[in-house]
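Take a look at the structure set out below.
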2 protein chains.
Amino acid sequence: MTRFHHSLHQDKNSREIFAEAVNESLSSVDKGISTKDIDALVVGNTVAEFFEHQSHYASLMADWTGLLPVPSYRIETACASSSTAVEVAALGVASGLYDTVLVGGVEKMSTLKTETMTEALMSGVDIAYDYPAGVTNPALYAMMANAHFRKYGSKWEQLAAIAVKNHHNATMNPKAQYQSEVVELGNRIGSRQGLSFKDPLEFLRSPVNPMVAFPLRLFDCSPISDGGAAIIITASEDTKRYTDAPVYLSGLGHASGTMSLHDRSDLTSVPASAEASRMAYQMAGIEAKDVDLAMVHDCFTVAEMLATEDLGFFKRGEGGKAAEEGRTSLDGEIPINTDGGLKAKGHPIGATGVAMINEVYKQLRGEAGKRQVENAETGLIHNVGATGGTVTVQVFRT
Amino acid sequence: MTRFHHSLHQDKNSREIFAEAVNESLSSVDKGISTKDIDALVVGNTVAEFFEHQSHYASLMADWTGLLPVPSYRIETACASSSTAVEVAALGVASGLYDTVLVGGVEKMSTLKTETMTEALMSGVDIAYDYPAGVTNPALYAMMANAHFRKYGSKWEQLAAIAVKNHHNATMNPKAQYQSEVVELGNRIGSRQGLSFKDPLEFLRSPVNPMVAFPLRLFDCSPISDGGAAIIITASEDTKRYTDAPVYLSGLGHASGTMSLHDRSDLTSVPASAEASRMAYQMAGIEAKDVDLAMVHDCFTVAEMLATEDLGFFKRGEGGKAAEEGRTSLDGEIPINTDGGLKAKGHPIGATGVAMINEVYKQLRGEAGKRQVENAETGLIHNVGATGGTVTVQVFRT
């Protein structure tokens, strides 16, 4: 994957960002691989229509990565686009039509300013209901946070603990957008106003971390990012040609949910997350307790809290407390978002699912450097489209 | 499928149009089917982002067709989106993950006026090169026409014959946007200026049929349309549960080509069409001469001429002459676009591929009414994204 960043890739087209990710992916194959070995290309991209006025995206990427004339597919399921692309690639291999498929995701978001960005991102929710009502994505997740707080007594400080943890993990990830502790970032921002903070919570509670949609503040939200990521999927029996240390995709889960929150009976969980994880665990033949580490969709801190409950890592209502107690930290019982998550690694929407897999791949191969989780054998990714209209869960094993 | 039309569906959202197509699809299954039998939904949609400011499209359609929580996929490959969706559905079934998949396409285009429509449709070509140069889709196809005319001596009258044929076929298709002969349509338009025409060519040559991009006139172009289409794909061994007269998908072809014409060495053919047909014929174990009828992508009349050569129905340079001689008419040796084609049936981009399959399905089952081709056993669809960045070819057999 490329580094995820808000300004570093501004002078590149998304096709150049994607090609960079693809080149790294191809050149990092242990025993080597050539573009001639690739039978198809599947690309997750969310709304290049708005960011670059570009559709017909996969064909363009096939051209720019030297893969013509292979079949190319562009998959769009909002923020879950590239993990859904991985699923389509896996179906292609499992069907026997393809032996080896290159699958990736990309988004160049830095082309838009805040207002048009908000408008572009609202296309992922129900345009007939949510958008005219004036809600935005942070507001929708804020409603979920408030519902959870009310029902379970969970609180904002628990969400803050998630932000602090993910920024800490990102300090050890050279591909992350922000590679500083929360308090350092806070002091960098505060210094412009002559302010300094001694601990993360002091900063996070201050007006320097402004309210976006109660109770979510700026540092409860993932950033706007540019970036690309790519992986290679091949049939299990063919892996030896390319590596002696493959990572196996052993469980696929994918469920659809209502686009609008007003169609859900309860806002304290995301039904499609629970359903997708049930499917993935069943196919992999495992239970939640067998998972060694997970990358979950923390577009907002509250989303990570809900995910750790929906995926079955913690009981309902206990996700926030678990984060606060360090049970999801690198040295906790179930490390979550070891790469910094969407929160700190960045969230170029169409690339996010494959970037999660990139981290699981590194962890399961013992190549995650300072953030390595010991004896990691089973990793999971959880990728959410908008507020849960689409959720994918995928289980990977050594 | 719904009727395709430029104004009939104006008061509906695309979700309502899609639901109408899905309802017809489900209710026309010979032995009945329930939404509970559907394991996944795959939706082809090209740019609802521009037409309705809506992305995350498949999830929304799963909701509105009563299919939650099945996995849903939105596939976008410009004008080839829904045939590519069919391919993904087929991979899902062939992989064994799904037994039965609902797959469809939809586009509601009537929301935009001409200038914004042209801009929206240009997102399907290379936005970094073609769009800033000021070309539009008709201009790009006009270049191909001129190249073909120059190389082979083909001429505009041959393209006109394609328009006349497709409008004639559409008079027998109750789902078509235009159900009148070309000359009748010409007289309807001409009557506003006190003009009348005795034969189609007289009208087509007149200023009442204005030049769009030389040599392409208005009636060389497919219209702007609203519409939806859906089909159901199930494993071959499961078909008996639903029907005694299934139609088998026996060949899949799909190739990517350069987005820009400036990257092609020759404009008189579409390389991805030739490659995709080679793949499809090979998988189906047939040759071009075994095809009884074909729906080809006539977004412009010249596109049909090129397609009949690229698919191997006629020698290079002879496609136009063949059309003029009636060899592609309903009673010709290889009937092309029996349903009226994109030209006269209409072209709601995201729905077009599945609508082509709808026609092949009807023809192979002997249910095509007045436009029935006798003893049709092998049908083909050919669906092109933009100027050939994506081409799919699929072979169906009884």
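Values as computed for the structure displayed
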| quantity | calculated |
| --- | --- |
| Calculated FRET value between A:Ser236 and B:Thr114, using beta carbons and R₀ = 56 Å, to 0.05 | 0.60 |
| Size of electric dipole in chain A: Cβ of Lys, Arg +1 and of Asp, Glu -1, about Cα centre, debye, nearest 20 | 660 debye |
| Shape of the range B:1-80, Cα gyration tensor, a/c cut at 1.5 | oblate |
| Distances in nm from A:Leu201 to the matching label points in the other copies, shortest first (labels 7 Å along Cα to Cβ) | 8.8 |
| Centroid-to-centroid separation of the range B:288-341 and the range B:191-244 [C-alpha atoms, Å] | 15 Å |
| For the range A:73-164: rounded, prolate or oblate by the Cα gyration tensor [a/c cutoff 1.5] | prolate |
| Residue-wise HN-Hα coupling along the range A:384-389, computed from phi with Karplus coefficients 6.51, -1.76, 1.60 (Hz; x: Gly, Pro) | 10, x, 6, 9, x, x |
| Greater than 23 Å apart at Cα, pairs in A:Lys155/A:Lys175; A:Lys198/A:Lys315; B:Lys321/B:Lys343; B:Lys175/B:Lys343; B:Lys151/B:Lys321 | A:Lys155/A:Lys175; A:Lys198/A:Lys315 |
| Sparsely packed trypsin sites (Lys or Arg not before Pro) within the range B:75-183, loop by DSSP, other Cβ within 10 Å at most 16 | B:Lys113, B:Lys155 |
| Across the identical copies, how the A:Asp331 labels are spaced - nm, sorted shortest first, 7 Å along Cα→Cβ | 8.8 |
| Gain in span if fully extended, B:Glu325 to B:Glu181, counting 0.36 nm per residue against the direct Cα distance | 50.0 nm |
| Cα centroid separation - the range B:83-116 against the range A:93-118, whole Å | 18 Å |
| A:Glu202 paired with A:Lys370, simple spin-label distance in nm, labels 7 Å along Cα-to-beta-carbon | 2.3 nm |
| Computed FRET value (nearest 0.05) for A:Lys31 with B:Lys36, which takes r as the C-beta separation and R₀ as 51 Å | 0.65 |
| Label point at A:Gln282 placed 7 Å out along Cα→Cβ; residues across the range B:29-65 whose backbone nitrogen lies under 18 Å | B:35-41 |
| Cα gyration tensor shape of the range B:245-362, rounded if a/c is under 1.5, else prolate or oblate by comparing a/b with b/c | rounded |
| Label point 7 Å beyond Cα along the C-beta direction, distances from B:Lys31 to other copies (nm, shortest first) | 4.7 |
| Taking A:Thr301, A:Thr234 and counting other C-beta atoms within 10 Å, the order from fewest to most | A:Thr234, A:Thr301 |
| Between the range B:14-64 and the range A:259-282, the Cα center-to-center distance that results, in Å | 20 Å |
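Since every read-out is calculated from the coordinates, none of them should be taken as a lab result. Please read these numbers as outputs of a predicted model, since none were measured by experiment. Glycine gets a Cβ as well: all are built from the backbone with ideal geometry, and neighbour counts include every protein chain shown.
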